[in-house]
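Visitor: Once you've had a glance at the structure underneath, I'll fire off some questions.
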Amino acid sequence: MTKRLAFVAALASLAPVAARAVVLHGHVWSATYVAAYQPTFGAARVPYSGTMKLKFDHGIVSGTYVAESTRPDPLYGRTIAVSGNVSEGQITLILQAPGGFTVRGTLAGDGEISGTATVKGTFYTFLAKVKSSP
């Protein structure tokens, strides 16, 4: 039994991070995220931020985003629908915001989402960390 556990642990350490996300969370899981994004180019400022509540169901993502930025934010206070998918650690999120809001990036083993957001044709660096997961 201990040899089998050692083998599974060794195999898990060799597996890509994306595969570990599925192993840690299963095929159906949900989490509340703290998300932030700021322009990729130009002067760095306080990022826009909000809370995302996402449900992952066999690669299909659904949920909501609520903007909570301390700086002026055109999305402030709105609850925006989120949809998307995840496959082999690559994630795409589409936020139903006016003018378009798309996130493309990676889903890490700890649930962290990082990548690039495109909002109204402008590129942003995007990061979302798990705040809680039931």
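The values are calculated or read from the model by the stated rules, or taken from the named source; none is laboratory data. A quick note: this is a predicted structure, and the numbers were derived from the prediction, not measured. Heads up, the Cβs are rebuilt from the backbone with ideal geometry, glycines too, and the neighbour counts pull from every protein chain shown. Calculation scope for accessible area: heavy atoms of the full protein, side chains included, ligands and nucleic acids excluded. Shrake-Rupley method; radii C 1.70, N 1.55, O 1.52, S 1.80 Å.
Visitor: Taking the stated definitions as given, is Y76 aromatic (F, W, Y) and open to solvent by 60 Å² or more (accessible area, probe 1.4 Å)?
Guide: Judged against the criteria, Y76 is a match.
Visitor: Across the range 48-75, what is the total count of residues that are of a type in the set (A, V, I, L, M) and under 16 Å from Y124 (Cα atoms)?
Guide: Residues that pass the stated criteria total 2.
Visitor: State all residues of the range 96-107 that are crowded, with 16+ Cβ neighbours inside 10 Å and either of a type in the set (K, R) or under 11 Å from the mean Cα position of the chain (by Cα) (or both); if no residue qualifies, say none.
Guide: Result: V103, G105, T106, L107.
Visitor: Give me the pairs: first residue in the range 75-101 and touching a residue at least 60 places away in the same chain (Cβ under 8 Å), second residue open to solvent by 80 Å² or more (accessible area, probe 1.4 Å) and in a loop (DSSP other than H, G, I, E, B), beta-carbon distance under 8 Å, and six or more apart or on different chains, which are they?
Guide: Taking only residues 6 or more apart or on different chains, the pairs are E88/P16; G89/P16.
Visitor: Hey, another quick one. Starting from the range 49-60, take each residue that is over 13 Å from I113 (Cα atoms) and small (G, A, S) and list its partners that are part of a strand (DSSP E or B) and open to solvent by 20 Å² or more (accessible area, probe 1.4 Å), counting only C-beta distances under 6 angstrom and pairs at least six apart or across chains.
Guide: Short answer, once both residue conditions are applied: S49/A36; G50/V66; G59/N85; G59/V86; G59/S87.
Visitor: What residue, of Y48, Y33, is open to solvent by less than 60 Å² (accessible area, probe 1.4 Å), at pLDDT 95 or above and aromatic (F, W, Y)?
Guide: Selected residue: Y33, the only one of Y48, Y33 that is open to solvent by less than 60 Å² (accessible area, probe 1.4 Å), at pLDDT 95 or above and aromatic (F, W, Y).
Here's the yes/no breakdown for (1) basic (K, R); (2) open to solvent by 60 Å² or more (accessible area, probe 1.4 Å); (3) assigned to a strand (DSSP E or B):
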site: T64; (1), (2), (3): no, no, yes
site: R71; (1), (2), (3): yes, no, no
site: A81; (1), (2), (3): no, no, yes
site: N85; (1), (2), (3): no, yes, yes
site: I91; (1), (2), (3): no, no, yes
site: I94; (1), (2), (3): no, yes, yes
site: G109; (1), (2), (3): no, no, no
site: T125; (1), (2), (3): no, yes, yes
